[in-house]
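What follows is a short report on a single structure.
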Amino acid sequence: MNTVLFLAHTECDGTLHKSALEALTAATALAGGLGHTLVVGIIGAEVTAAADSVAQCGARIYGVSGPAFADGRYASDLAAAEAVAKACDAQIVVAPATSRFSRALPGLAVRLGGRVDTHLSGLEAADGQPVARRWFYRQRMEGTLTRSERPWVLTLDSGCAEPFSGAGKAEVEALAVDVATRTTVSGLECPSADQQTIRPDARVLLVAGAGWTKKQADGAVHVDAAEETILTFLNATKSSLGSSKSLVDISGEGHAVISFLTHMHQVGQTGSSPRHAKGLATCCHGEEPHVVGWRFIGERRAINTDAGCGWAQGKCDVLYVGDAFAVMKKVNELLG
Ligand SMILES: Cc1cc2nc3c(=O)[nH]c(=O)nc-3n(C[C@H](O)[C@H](O)[C@H](O)COP(=O)(O)OP(=O)(O)OC[C@H]3O[C@@H](n4cnc5c(N)ncnc54)[C@H](O)[C@@H]3O)c2cc1C
């Protein structure tokens, strides 16, 4: 009987991340479609709670646990993944495309003499064959691919399947893995929730454009007020922050800058294409190279002083013609 192995690692609190539960849904459907057996492998300091959280998937569950497997480290993650894959003779390995697995699992494919495809957007069985979907050319085209080589290691991006739900009491078969490592993990530094302004799971995207740093009606720039207004809104709503290219490029041109923006925030043709239910563009002109990054945003609104700006050319659902400083100040007051 062929095997689809779902691999996951625990989070710091011993749970499985939402993206892991999504990958489990995809792995379960793939195994069912191919008529393969589903096996689960969990890596972490302590894996019992994580195994219990997916007990109802009905699969045999292997665990590799201990202090050496608490944190992401190429050598230990690879050794653990290899042990599980060999224990169940996996033909297909499905895992979430977390930073931890994105680093370790390509090595697993090499070690097992297989192949790897990463950042996939979907998995399915077609005519008895596993088929993976992947976005190409900055999410403009979605391609499908299959491979005959085995094992085939597949990592799935977040947001591409429903998270699995089905907790219970799991039986975990512990695998002992001896791993000699030269790398010691001395700790993890995570930015606080308020410092981390790119929030892919947020309902709302707030985009800041270069207008926030331009001279306003009084002939002066008000970058301090802009920063405070944007941060107040983000902290109150836990929205995600995006930016236009002009605004993130300004730092290189010696202008006053919004201090918490980086090129990672840039939305658009040469930036990202985030997926949020709603988006609000502020002080951003709405030029095509920017707006193309909005194609997965459900409802689009913009605030601009210019009634003839790009957003007005059919690119948003609602355009508020007004001063974003004043409008967002009022919004923040209403948010309390
Ligand atoms: C090959 C290529 C790739 C590109 N890729 C990207 C990309 O990935 N992402 C991207 O964003 N751009 C990209 N661009 C650049 C893009 O064409 C625009 O230049 C850029 O998006 C403009 O940014 P902006 O709207 O913030 O700034 P501006 O064009 O300077 O617009 C500022 C806006 O703020 C408004 N404004 C000013 N003050 C206020 C106020 N108080 N209240 C309300 N509104 C106010 C103004 O009316 C104006 O509309 C690309 C360009 C090229 C050529």
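Points worth noting:
- For LYS214, a cut-off of 30 angstrom between C-alpha atoms picks up these lysines, skipping any fewer than 8 places away in its own chain: LYS238, LYS245, LYS278, LYS315, LYS329, LYS330.
- Leading residue at positive end of dipole, the range 3-174 (Cβ point charges), from GLY14, ALA81, LEU24: ALA81
- Karplus (6.51, -1.76, 1.60) ³J(HN,Hα), θ = phi - 60°, over the range 63-70, in Hz, Gly and Pro reported as x: x, 10, 9, x, x, 5, 10, 5
- Among 131-141, 230-240, 72-82, sorting by the average number of other beta carbon atoms lying within 10 angstrom of each residue, highest first, gives 72-82, 230-240, 131-141.
- Charge dipole (debye, nearest 20) of the chain; +1 at Cβ of Lys and Arg, -1 at Cβ of Asp and Glu: 580 debye
- Here the range 3-174 is assigned +1 on the Cβ of each Lys and Arg and -1 on the Cβ of each Asp and Glu. Its dipole about the Cα centre then comes out at about 500 debye.
- Under 5 Å, built H, 5+ apart or other chain: amide partners of LEU123: ARG133
- Shape class for the range 204-335: rounded, because the ratio a/c of the largest to smallest gyration tensor axis (alpha-carbon atoms, square roots of eigenvalues) is under 1.5.
- Environment charge at SER186 (Cβ cut-off 13 Å; Lys +1, Arg +1, Asp -1, Glu -1): -1
- Here the spin labels are modelled as points 7 Å beyond Cα on the Cα-Cβ line, and at ALA45 and MET264 they lie 2.3 nm apart.
- Two-decimal Rg to Rh for the range 3-174 - Kirkwood Rh, Cα set: 0.94
- When the charge dipole of the chain is built from unit charges on Cβ atoms (+1 for Lys and Arg, -1 for Asp and Glu) and taken about the Cα centre, the candidate among ALA51, LEU120, GLY143 whose Cα reaches farthest toward its positive end is GLY143.
- Using the Cβ-Cβ distance between TYR320 and LYS238 with R0 = 25 Å, the FRET efficiency computed as 1/(1 + (r/R0)^6) comes to roughly 0.70.
- Note on the range 137-176: dipole from Cβ charges, positive end direction compared against VAL153, PRO163, ALA174; the farthest Cα belongs to VAL153.
- Charge tally around LEU175: other residues with Cβ under 11 Å, Lys/Arg +1 each, Asp/Glu -1 each, net -2.
- With both labels modelled 7 Å from their Cα along Cα-to-Cβ, the ALA277 to GLU299 distance reads 0.9 nm.
- Restricting the range 157-240 to GluC sites (Glu not before Pro) in coil, as DSSP defines it, with at most 11 other Cβ within 10 Å: GLU171, GLU189
- The length gained by stretching the chain between ALA312 and VAL110 to full extension, at 0.36 nm per residue less their Cα-Cα distance, is 67.6 nm.
- Simple spin-label estimate for PHE136 and VAL185 in nanometres, 7 Å along Cα-Cβ: 3.6 nm
- 3J(HN,Hα) couplings calculated from phi for the range 211-225 with the Karplus curve 6.51 cos²θ - 1.76 cosθ + 1.60 (θ = phi - 60°) are, in sequence order, x, 4, 10, 8, 4, 9, 3, 7, x, 10, 9, 9, 5, 4, 5 Hz; Gly and Pro show x.
- Ratio of the Cα radius of gyration of the chain to 2.2 N^0.38 Å, where N counts its residues: 1.16
- Remark on GLY66: its backbone amide H falls under 5 Å from those of GLY44, ALA45, GLU46, a criterion applied only to residues 5 or more positions apart or on other chains, H modelled at 1.01 Å from N.
- Local electrostatic count, ALA202, Cβ distance below 11 Å [Lys/Arg +1, Asp/Glu -1]: +4
Readers should treat all values here as calculations from the given coordinates under stated rules, not as data from a laboratory. Only a predicted model underlies this, so the values are computations on that prediction, with no experimental measurement involved. Quick reminder, even Gly has a Cβ in these numbers, built from the backbone with ideal geometry, and neighbours come from all protein chains shown.
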